Structure formats: structure tokens, C-alpha cells
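Report on the structure given below.
Bear in mind these aren't lab numbers, they're just calculated from the coordinates by the rules spelled out. What you are looking at is a predicted structure, and each value in this text was computed from that prediction instead of being measured. Because the Cβ atoms are built from the backbone with ideal geometry, glycine has one as well, and the counts that use them run over all protein chains shown.
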Amino acid sequence: LMQLFRPLDFLGTVYRTIQQGMIDMEAMFELIDTPAEIVDAHDAPELAVPHGAVRFENVDFGYDAERQILRGLDLDIPAGTKLAIVGPSGAGKSTIARLLFRFYDVTSGRILIDGQDIAKVKQDSLRAEIGIVPQDTVLFNDTIGYNIAYGRDGASQAEIEAAAKGAAIHDFIMSLEHGYRTRVGERGLKLSGGEKQRVAVARALLKDPPVLILDEATSALDSRTEAEIQATLDQAARNRTTIVIAHRLSTIVDADEIVVLEQGRIAERGSHVALIAKAGLYAEMWARQREERAIDAAR
Ligand code: ATP
């Protein structure tokens, strides 16, 4: 009888693995309707990332033929630098992250990592080199240790704890009765938005990818939590190529380049200082956010 059940058991494991993978991806990019046609060429080589330079060359993209989302996008992100993408809702910011992960293929143009076209390499090898801290992290119904370790197969407890320290969540975990074995998620301890984001940062630190995408949360956090999270994100961005999808301009003042995206095109680009001096769209957004902050502070 056991012989009969073993395949079922195996299928169950596969199903659970796929299901968990899906939850994670959906959570990352709200990708419920990801097309299935992204397949590797049978002889596709592995991506090699000695440096982590990212380039978008004249990229056009639309989710469907009727509506183009990105138009002639050129980005050059030298290894180890930080690019910030800002712009109104719907401009195509998250779409750029989805294309870099190759959840979709570009309509025309190319995306290169260290000179290799990402459409021509094994998808697994591409995704292994990119970390993401999403806006809203969904936790698995498992221990908090497992949730961090998910960043890398075979991580040791010492490595998990080092990542948790880097993400400023170790002390919190140690204050829990069951420490790293505390169950979290829907059926366990509910974590706050800030705590969940720190788990995501710990995951990214453990994965230690050369390329990191930070999707900043839009929701308002209290200013202390916000400052703590910002310090954590800055820590995660150190020494790697980082793309920040930013909603609060105050967090990207130090970016090497800021790109203002509007209806899928780059409306302005430059450093914070240069863009302020230009007195265009970015300067306008900056002034508006300063006003909003002043009003909040006066409340
Ligand atoms: P926000 O700041 O609100 O997150 P964004 O700049 O990141 O916005 P995107 O998520 O990149 O914007 O979306 C760009 C456009 O593409 C939007 O008009 C959106 O409706 C559309 N879009 C996003 N995902 C899909 C999808 N899976 N299928 C069809 N259209 C989509």
C-alpha cells in the first residue's frame, strides 16, 4: 500500500513547493496572471555575474499589444551603484523590476547584466543573482527562522542570525519565547509591516545577491519605524547594484542617478542636486513632498 502512496506524497511535496513559490512571487509582483511562455532555450547558458552592471537598451514593452507601457527605455546602472526610479502611479516603475526578473520578455530592445542578454540565459541563474525587498512581504506559515532562510538553500543557523542582525530584527526574535522557532504567518504570530519588511531584508542579506531591487512601501509608517527601515535598506544596498523604486524622495537623495518616469518614458534624469537645480518635474515633486511633511509635522 505504501508503494501506492509514495507518488502521492511526492506530488504533495511538489505541489507545496510550487504553491509556496507562487505565493512569494505573487506577493512580490502581484503576478497572478504571469504568462507561461517564458521558456529557456534548451542550451541556454548560466548567467555569470562577476560585477553586477545592469543595462536597459532601448526597451519597449506592453503587457498586451494594444497598450505600450515602456517606450525606448535606456538605463545604465554601473556595478555597485544605486539607481532610483520615481514617477506617478502607473508610470511603469514596477514593470521595470518585473522585466529585470524576466517575468516577461521585452517587446524590443535588450536587458543586459554584465554584458549578457537576460533573455538568453537560464532563468534560474538570473533569478539567483537578483534579490528583492517587496512593498509587502507575505510570510510562509512556518518559523521565522525558515522565513529568513528561504533566501538561500542550506543556510546555517549562524548565517541566518547574522542576516537577522544586519536587518535589525535579531533582538526582536530573541525576545520571543520560542526565538527563531516562533511560528509566524496567517496561523502564527502576526508581524507588523516594519517587522515583515525586516524579514525580507534579512532574506535578501542572506541571499547576498549582486543586484538588489528595493520596492519602497507606499503606506505611511510612523517616522521611527520608517527611519529604522531606511537604515536597514541602506545597509542592504551597500556594495551592490541597487534599483530603488521610491515613493518618498527623502530616501533617495544619495542615489547615483534618479530617473523620473512618466508614461513609460524618462522625463528627467540626474542626481538629486542636478534635478533640483533644473527646477522641473522632480523639483516640483520634491517641493510638494516637503510641504506634505511640514503639514504632517505640524499636526
Ligand atoms: P505604482 O507606483 O502605482 O506602483 P508603477 O509605476 O509601478 O505604479 P506599474 O505597476 O509598472 O506602475 O504599471 C504600469 C502600467 O501597467 C499600469 O497602467 C498598470 O495598470 C499596467 N499593468 C501592470 N501590470 C499589468 C498586467 N499584469 N497586465 C496588464 N497591465 C498591467
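Numbers below:
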| item | result |
| --- | --- |
| Inter-label distance, nm, simple model (7 Å from Cα along the C-beta direction), THR182/SER108 | 5.4 |
| Sites GLN263 and ALA298, calculated FRET efficiency, Cβ-Cβ separation with R0 35 Å, nearest 0.05 | 0.55 |
| Distance in nm between pseudo-label sites at ALA158 and ASP256 (7 Å out along the Cβ direction from Cα) | 3.3 |
| Rounded to whole Hz, the Karplus (6.51, -1.76, 1.60) HN-Hα couplings of the stretch 260-268, x for glycine and proline | 9, 9, 9, 6, x, 10, 7, 7, 8 |
| Sequence ranges 160-171, 259-270, ranked by mean other-Cβ count within 10 angstrom, highest first | 160-171, 259-270 |
| For the stretch 200-208, 3J(HN,Hα) per residue [Karplus equation, 6.51 cos²θ - 1.76 cosθ + 1.60, θ = phi - 60°, Hz, x = Gly/Pro] | 5, 5, 4, 4, 5, 5, 5, 5, 6 |
| Gain upon complete extension [GLU291, SER89; 0.36 nm per residue less C-alpha separation] | 70.8 nm |
| Lysine pair count for the chain [Cα-Cα under 17 Å; pairs on different chains or 8 or more apart] | 4 |
| DSSP beta bridges in the chain [antiparallel fraction, %, rounded to 5] | 50 |
